[in-house]
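The structure appears right after this line, and notes come after that.
Read-outs throughout are calculated quantities, based only on the coordinates presented, and are distinct from any laboratory measurement. These figures come from a predicted structure and were not determined experimentally. As a convention, Cβ positions derive from the backbone with ideal geometry for all residues, glycine included, and neighbour counts pool all protein chains shown.
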Amino acid sequence: MSETTSDAALRERAAKVIPGGMYGHLNAAIFAPGYPQFFVRGEGCRQWDADGREYVDLMCSWGPVILGHRHPRVEQAAAAQRAAGDCLNGPGPVMVELAELMVDLIPSADWVMFSKNGTDATTQALMVARAATGRTKVLVAHGAYHGADPWCTPSLSGTTPNERADLIEYPYNDLAGAEEAAARAEGDVAAIIVTPFKHDSFEDQEMVDPVFARGVRALADRIGAALVIDDVRAGFRLDLRGTWEPYGVRPDLTAWSKAMANGYAIAAVTGVDALRGPAQTLYSTGSFWFSAVPMAAARATIETLREIDGPALMERAGTRLREGLAAQAAAHGFTIRQTGPVQIPWLSFAGDATLDKGMYFSAACLREGVYLHPWHNWFLSAAHTDADIDRALAGTDAAFTALRAKFGAD
């Protein structure tokens, strides 16, 4: 990237006042070469970087944007609440209204507790489970991501193994493995936490086996543990009622965040009535957890998704994208794998263990005005129209051409 760009100038300034200039999952330095770090505007399913380049956004800000950037109804609701007050001495009435909406919508929800981030929600859910059972151990799928906190992210610098000492791993979609992990805990399992599909980074995504989903529900019941669904990433994109609802599997606790307020910072835990009392015993709070503006945005977002059948719109867009990419890859002589739900897709190249092709392809897409990611799943929104997907596919077709010129056909 040229040193004369606005992005480069901002990176240089950031390096002086922010450790490393940037950190966390939005650090463009760990993506393919050429990724911009700073963005100045979003509209619908488009974003513009600090140098004014426009992109069809297939990451949706890594999941939070589900109706499109600056959705009018959401922005109007947020602005009206902001004019009245946001961070007050107590929550606004909108907190009750949002909780009522979620309890009405989600069959497994008898109550709701709010916070700010997905990590807050998964942590809070496990606190409820431990308070309810008096136990310590949690069963977790190997490699699963449940947030950025010492208990759930082993690669974090500055943490110790003891902070994960109460986790027992099992292989995703392996019911026998989950059973064996429970046996190792010797009656001390407080919760089984599981993502609704396997969405680990750097790996092909894996849809849940309904037999596994029903099996871990039965296992939790048999050992007296809480079943916790981490719906932070998938929530509201696949099924507004909860991602495992189509399988007839209802969790005891569910963690929500990302898409529930179309980009406003909010998270939630929903739970069954049997866990209401233990939830009430927690001291779980934050200075900004009860801010009214994100709650107003969440209410408007969820109501809109329900009215327009948002998951169906995203499924249509995702199917169009998946079919188009499959046709292009075949035409250019590449073997690809498209995994995960079409609303939360990922593309990988056969035999590309080092991600050389994936990194080159994503960088080529970027040059064509299509923002996707080489090793993390993508996200579709209800703002992606047929025309937007066709525009994205024009960019990916050019990227496949560049990829063939670089690597040759398979």
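Note on residue 406: lysines with a C-alpha under 16 Å away, same-chain residues under 8 apart excluded, are 357. Taking the charge dipole of the chain about its Cα centre, with +1 at Lys and Arg Cβ atoms and -1 at Asp and Glu Cβ atoms, the residue from 382, 159, 40 reaching farthest to the positive side is 40.
Distance between the C-alpha centres of region 313-330 and region 222-244: 26 Å, rounded to the whole angstrom.
Taking region 221-322, which chymotrypsin sites (Phe, Trp or Tyr not before Pro) meet the DSSP loop condition and have no more than 14 other C-beta atoms within 10 Å? Don't skip to the answer; put the middle values down first.
Working: sites: 236, 244, 247, 256, 264, 283, 288, 289, 290; in loops: 236, 244, 264, 283, 288, 289, 290.
Of the chymotrypsin sites (Phe, Trp or Tyr not before Pro), the ones in loops of region 221-322 whose Cβ has at most 14 other Cβ atoms within 10 Å are 283, 288.
Take the Cα of residue 73, step 7 Å toward its Cβ, do the same at residue 404, and the gap between the two points is 4.3 nm. Entry note, the chain: relative contact order of 22 percent, from Cα contacts under 8 Å with a spacing of 6+ residues. Counted over the chain, the DSSP beta bridges are approximately 60% antiparallel.
Using equal-weight Cα scatterers in the Debye expression, the normalised intensity of region 72-308 in log10 at q = 0.08, 0.14, 0.17 Å⁻¹ is -0.29, -0.88, -1.25.
From the alpha carbon centroid of region 135-175 to that of region 43-106 is 31 Å. Note on 380, 175, 321: ascending count of other Cβ atoms within 10 Å places them as 175, 321, 380, the fewest first. Axis angle, to the nearest 10 degrees, between helix 118-133 and the longest C-alpha principal axis of the chain: 20 degrees.
Relative to the longest principal axis of the Cα atoms of the chain, helix 175-184 runs at roughly 50 degrees. Within straight-line reach of residue 116, meaning a Cα separation under 16 Å, sit the following lysines at least 8 residues removed in sequence or on another chain: 258. Label separation (residue 159 vs residue 241): 3.5 nm, computed from points 7 Å beyond Cα along the C-beta direction. Pairs of Cα atoms nearer than 8 Å and 6+ residues apart set the relative contact order; for region 74-218 it is 20 percent.
For region 1-115, the relative contact order comes to 14 percent (Cα pairs under 8 Å, sequence separation of at least 6). Think of the chain as a dipole: +1 on every Lys or Arg Cβ, -1 on every Asp or Glu Cβ, centred on the Cα centre; then among 118, 18, 408, 18 lies furthest on the positive end.
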